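Undergrad: Would you mind keeping the following structure in view while I ask a few things?
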Amino acid sequence: MADETAVPAPRATANRSTTPVSGTFTDYIGSNWADRDDSIPEPREQAPFAAARRRRVSELYPAATLIIPAGASKVRSNDTDYPYRAHSGFAHLTGWGSDTVPGSVLVLTPRDGGHDATVYFREAAGRDSDEFYANSDIGEFWTGRRPTPRQVAADLGLATAGLGELDTALEGIDSTAIILRDVDSALTERVDHARVLAHNTDDNGNFAFLAAPGPFEQVDMDFARDLSELRLVKDEFEVAQMRLAVAATARGFDDVIADRPAILAHPRGERIVEGTFNRRARADGNTVGYDTIAAAGEHACILHWTRNDGPVRAGDLILLDAGVELDSYYTADITRTLPVNGTFSETQRRVYEAVREAADAAFHIVRPGIRFREVHQAAMAVIAAKTAEWGLLPGSAEESLQPDNQFHRRYMVHGTSHHLGLDVHDCAQARRELYLDGVLEAGMVFTIEPGLYFQPDDLSVPAEYRGIGVRIEDDILVTDSGAENLSIGIPRTADDVEAWLKA
Ligand code: GLY
Ligand code: MN
């Protein structure tokens, strides 16, 4: 039975808040402040690129109101949040990245054959409110100062409005409106409600249940797919950002190499590997695009090993899969596998060079016009040949490559490539016919990351292989005539890796 006397749960901090609430205090803290900086910035470099992307979306959906939320902050526990990150679809179409005001929403409203673009966001609260000092979720004292609408408008080259005005904008939508679904569940619910209402309101404004509403969810999902596919080919700004992200990642790898004495000395050396890489990212003003994988010894056989709590021992390989993400959100995704003591053992070198040959074979076929999946096939031909040559497969490489066999995949269960950009696994909603079965175009950026992983308890391989895991991952740009390995500057042949470690 419901408890009639139950009161709503207190705010997470109500049991420990010491913030004064008296009018005397509110008046006092609300006074004697300098004017806020209302200087108008120059448009950011990506503003015209984001505008061009919006035009492409507008052409795809000429008649629909399009709603693209950045998403709200996500709770980690109680009143602490995860670091905020706007949805990549929002970032792509606004150019707003790490400085996005949480909860912002881009609305494209059809007009004159195109769309008007407006970003709605929570404006700074006045000092006469208690928000700025007393609200730990959004208050200026707690999460920082928010820009003014005029500043954001100039910065992004977009119209802006306060979040309060979004209600009016939503009242005006009809049932053909589309939202990037599941980014902001509260907003999606409101838009669903508004669409049902609009669908059932006749021309005279009378509500009548006319028919079942349209399949909104399907239309929204198609929209998410289209936004994802729009990112398959990167523009000039994006390619420049990818180069910067790769260069920043290279600095992190160099730091890890230099920090080997501390890594070896620590009982959880993997933590030092992660910490050293991530420290370089932060020291350069950046962050990481995904949790760093620092996997020593047999941990390298665990594909997404992010616990990073193991030791790093001389004689081990350390697999470091890490990528720096810039303020714009573009990220690198690079893996190197290094012999901790500076020299590969004979077996480690054999495995390493096989993976490197697979990566090279894949890279050498990349050019516009081939299919994405051919990159994987080129790598797998080498992986099958090598594992067959070493007597690991129950048959020849040709037999293993048959679709129903694939014995070599026991040692590399993941794919060879994924698109890369704003998300480490970019364009994830793109259709298979444009992704795995898609045809490569200049401007695409993806990884080539073959590996070989011999689990420590795998009885199908001789003992010398067990516990060895190797992955080499590079970030590849498709060019007009072929491909460029953006991360070629980070040593990758066994000889070059050994020379790097000795330097
Ligand atoms: N770098 C992690 C992955 O590609 O899954
Ligand atoms: Mn990857």
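Undergrad: Taking the alpha-carbon set of the stretch 143-192, what are its Rg and Dmax in Å?
TA: 13.3, 38
Undergrad: Among ILE472, ILE40, ALA125, whose Cα lies farthest out toward the positive end of the dipole of the chain, if unit charges sit on the beta carbon of Lys, Arg (+1) and Asp, Glu (-1)?
TA: About the Cα centre, the residue reaching furthest to the positive side is ILE472.
Undergrad: Going by the alpha-carbon gyration tensor, a ≥ b ≥ c the square roots of its eigenvalues, is the stretch 330-378 rounded (a/c under 1.5) or, if a/c is not under 1.5, prolate (a/b greater than b/c) versus oblate?
TA: Oblate, since a/c reaches 1.5 and b/c is not below a/b.
Undergrad: While we're on this one: Kindly write out, for the stretch 418-428 in residue order, the coupling ³J(HN,Hα) from the Karplus curve 6.51 cos²θ - 1.76 cosθ + 1.60 (θ = phi - 60°), rounded to whole Hz, with x marking Gly and Pro.
TA: Per-residue couplings from phi come out as 9, 5, 9, x, 5, 10, 5, 9, 6, 6, 5 Hz.
Undergrad: So how much slack lies between ARG373 and GLU217, counting 0.36 nm per residue of separation and subtracting their Cα-Cα distance, in nm? Let's see the in-between values first.
TA: Numbers: separation 156, 0.36 × 156 = 56.16 nm, distance 3.01 nm.
The ARG373-GLU217 span can extend by a further 53.2 nm.
Undergrad: How large is the dipole of the stretch 237-307 about the Cα centre if only Lys and Arg carry +1 and Asp and Glu carry -1, each at its Cβ, rounded to the nearest 20 debye?
TA: So the dipole magnitude of the stretch 237-307 works out to roughly 140 debye.
Undergrad: Starting from the Kirkwood radius over alpha-carbon pairs of the stretch 104-151, derive D by Stokes-Einstein at 4 °C in a medium of 1.567 mPa s and give it in µm² s⁻¹.
TA: 104
Undergrad: Find the centroid of the Cα atoms in the stretch 370-419 and in the stretch 328-362, then give the distance between the two in whole Å.
TA: Their Cα centres are 17 Å away from one another.
Undergrad: Please compute the Cα-Cα pair-distance distribution of the stretch 105-221 with 5 Å bins starting at 0, giving whole percents from short to long.
TA: 2, 10, 15, 18, 17, 15, 9, 7, 5, 1, 0
Undergrad: Let me ask something additional. Can you tell me which of 281-294, 162-175 comes out highest on packing, and rank the rest after it, using the mean Cβ neighbours within 10 Å?
TA: Top of the packing list down: 281-294, 162-175.
Undergrad: Then there's this: Would you kindly calculate the translational diffusion coefficient of the chain, applying Stokes-Einstein with the Kirkwood radius from alpha carbon pairs, for 10 °C and a viscosity of 1.306 mPa s, and quote it in µm² s⁻¹ without decimals?
TA: 62
Undergrad: Residue-wise, which Karplus ³J(HN,Hα) couplings in Hz belong to the stretch 89-101, taking 6.51 cos²θ - 1.76 cosθ + 1.60, θ = phi - 60°, and x for glycine or proline?
TA: Going residue by residue, I get x, 5, 4, 5, 8, 10, x, 7, x, 5, 9, 4, 6 Hz, with x marking Gly and Pro.
Undergrad: A follow-up question, please. What net charge is computed for the residues neighbouring ASP474, neighbours being all others with C-beta under 14 Å from the C-beta of ASP474, Lys and Arg scored +1, Asp and Glu -1?
TA: -4
Undergrad: Once Rh for the stretch 378-503 is found with the Kirkwood sum over Cα pairs, what is the Stokes-Einstein diffusion coefficient at 4 °C and 1.567 mPa s, in µm²/s?
TA: 78
Undergrad: Tell me whether the stretch 289-400 comes out rounded, prolate or oblate; compute the Cα gyration tensor, take square roots of the eigenvalues as a ≥ b ≥ c, and use a/c under 1.5 as the rounded threshold.
TA: Verdict is oblate for the stretch 289-400.
Undergrad: Please turn the phi angles of the stretch 187-193 into ³J(HN,Hα) values with the Karplus equation 6.51 cos²θ - 1.76 cosθ + 1.60 (θ = phi - 60°), one per residue in order, whole Hz, x for glycine and proline.
TA: For the stretch 187-193, the Karplus curve yields 5, 4, 4, 5, 5, 4, 4 Hz.
Undergrad: When you take every Cα atom in the stretch 24-119, what is the radius of gyration, and what is Dmax, the widest Cα pair distance, in Å?
TA: For the stretch 24-119, the Cα-based Rg and Dmax read 17.9, 56 Å.
Undergrad: Okay, moving on. Do the sum for the chain: with -39,500 (n - 2.57) for every DSSP H run of n ≥ 4, divided by all residues, what is the mean residue ellipticity at 222 nm, to the nearest 500 deg cm²/dmol? Please report the intermediate quantities before stating the final value.
TA: Details: 16 runs with 176 residues, N = 503.
That comes out to -10500 deg cm²/dmol.
Taken together, the values in this text are just the output of simple stated rules run on the coordinates, not laboratory data. Worth saying up front: this structure is predicted, and the values here are computed from it rather than measured. Positions of Cβ are backbone-derived with ideal geometry, glycine not excepted, and every protein chain shown enters the neighbour counts.
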